[in-house]
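Q: Input: one structure, supplied below.
What follows draws every value from the coordinates through simple rules; no lab data is involved. Worth saying up front: this structure is predicted, and the values here are computed from it rather than measured. With ideal geometry, Cβ positions are generated from the backbone for all residues, glycine too; neighbour counts draw on all protein chains shown.
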Amino acid sequence: MSTPETYAADESIRRQELLDDAFASSTRTLLNDLSVPDGAEVLDVGCGIGRTTRHLRERLPEPARVIGLDADSDLLAAAQDRSDPDSSVDLEYQEGAAEDLPFEDDRFDVVYARFLLTHLPEPDDAVEEFRRVCRPGGVVAAQEPDFASLGTWPPSRAYETIRELAGAILDPQMGRKTWGLFRAAGIEGPEGTGEPAVQAVVPVETDDTVVRELYTMSVEVTAGALLEKGELGPEEHEALVADARQVEEDPDRLTAAYTVYSVWGQV
Ligand SMILES: C[S@@+](CC[C@H](N)C(=O)[O-])C[C@H]1O[C@@H](n2cnc3c(N)ncnc32)[C@H](O)[C@@H]1O
């Protein structure tokens with residue numbers, strides 16, 4: 001049986017699996033668009049259980065080495081467990097902080113992060129670090145959520161409340177802010193001139209059980225954190241979780257996910 005600590009870790013792992021099931025296609029689309037040389041050294045910042053690390057290994061043209069870095073050692077252990085030992089690409093995981101990357105200047109050809117900056121109190125420090133460890137001519141890319149589109153029709157109290165209150169635990173507007181953070185860090189357009197590139201996608205679904213399970217878990221986690229911070233009372237917390245579970249079962253409901261902003265450029 002799980003202890004409370006391992007249950008929390010298991011739940012984080014399940015959420016990251018669902019997150020990737022829901023958003024892998026937008027990540028593959030971005031990676032297909034990047035111009036990267038063979039034999040690249042690649043860094044995945046905030047890699048979690050390593051789903052994104054493996055997308056980088058599979059989608060980029062024959063990288064020499066992909067390093068996944070995360071601050072959470074439990075998630076890194078899960079990433080190690082899921083690694084394919086037969087791959088020719090050197091895949092490594094390392095513990096560290098995005099705001100103080102344990103690498104020398106100009107080390108990587110590609111620095112990538114997904115759904116990381118939204119969780120950081122000082123995301124500009126992390127983007128500065130992405131630029132610092134990326135070699136001149138290398139690529140920096142990030143994918144970040146923006147909560148404005150999150151909702152259902154007919155409306156769901158749980159989704160709307162979470163959209164309004166999520167700012168207590170993360171930055172729900174990080175998607176739209178990321179392009180400006182790249183510019184401020186001196187990251188240029190993909191061909192070395194002009195502005196960083198940006199694209200935004202809103203996944204909309206009517207019966208995708210993966211997305212619905214992900215959102216029920218997200219409502220539970222966000223509402224739980226808001227309860228702990230005293231931003232929600234116990235009854236409201238219970239009502240929100242019940243509402244999210246009802247949405248998950250409702251075949252007549254359309255769900256709009258958060259918008260995923262992809263931003264990329266060259267150092
Ligand atoms: C929402 S998960 C995203 C995981 C993965 N990039 C993905 O898209 O599937 C955010 C990850 O960032 C990590 N993280 C949060 N703050 C961090 C920091 N300051 N430095 C490094 N990793 C951090 C968390 O441990 C978590 O694994």
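Q: Going by how many other beta carbons lie within 10 Å of each one, how would you line up ASP84, ASP44, ASP125, fewest first? Don't skip to the answer; put the middle values down first.
A: On the way: ASP84 10, ASP44 28, ASP125 15.
By the 10 Å Cβ count, ascending: ASP84, ASP125, ASP44.
Q: Search the structure for amide H atoms under 5 Å from the amide H of CYS134, placed 1.01 Å from N in the peptide plane, and list their residues when 5 or more places away or on another chain.
A: Under 5 Å from the amide H of CYS134: ASP106, ARG107, PHE108.
Q: Ok, one more. Just the number, please: percent antiparallel of the DSSP beta bridges in the chain, rounded to the nearest 5.
A: 50
Q: Is any residue of the range 229-255 close enough, with backbone N under 14 Å, to a label point placed 7 angstrom from the Cα of SER25 along the Cα-Cβ axis, and if so, which?
A: No residue qualifies, since no backbone N sits under 14 Å from the label point.
Q: In nm, what is the difference between 0.36 nm times the number of residues separating GLN199 and ARG157 and their Cα-Cα distance?
A: Details: separation 42, 0.36 × 42 = 15.12 nm, distance 2.92 nm.
Once the chain is fully extended between GLN199 and ARG157, it gains 12.2 nm.
Q: Can I ask one more? Only four residue types carry charge here, +1 at the Cβ of Lys and Arg and -1 at the Cβ of Asp and Glu. Report the dipole size of the chain about the Cα centre in Debye, rounded to the nearest 20.
A: Working: 23 positive and 55 negative charges, 131 e Å.
Using Cβ point charges on Lys, Arg, Asp and Glu, the chain gives about 620 debye.
Q: Can you give the relative contact order of the chain as a percent, counting alpha carbon pairs under 8 Å and 6+ residues apart? Show your work: numbers first, answer last.
A: Values: 513 pairs, mean separation 53.6, N = 267.
Result for the chain is 20 percent.
Q: Would you kindly state how much longer the chain becomes between GLN246 and GLU92 on full extension, computed as 0.36 nm times their sequence separation minus their alpha carbon distance, in nm to one decimal?
A: Full extension from GLN246 to GLU92 adds 51.4 nm.
Q: For the range 175-182, take each phi angle, set θ = phi - 60°, evaluate the Karplus expression 6.51 cos²θ - 1.76 cosθ + 1.60, and give the result in whole Hz per residue in order, putting x for glycine and proline.
A: Couplings: x, 6, 8, 5, 4, x, 5, 5 Hz.
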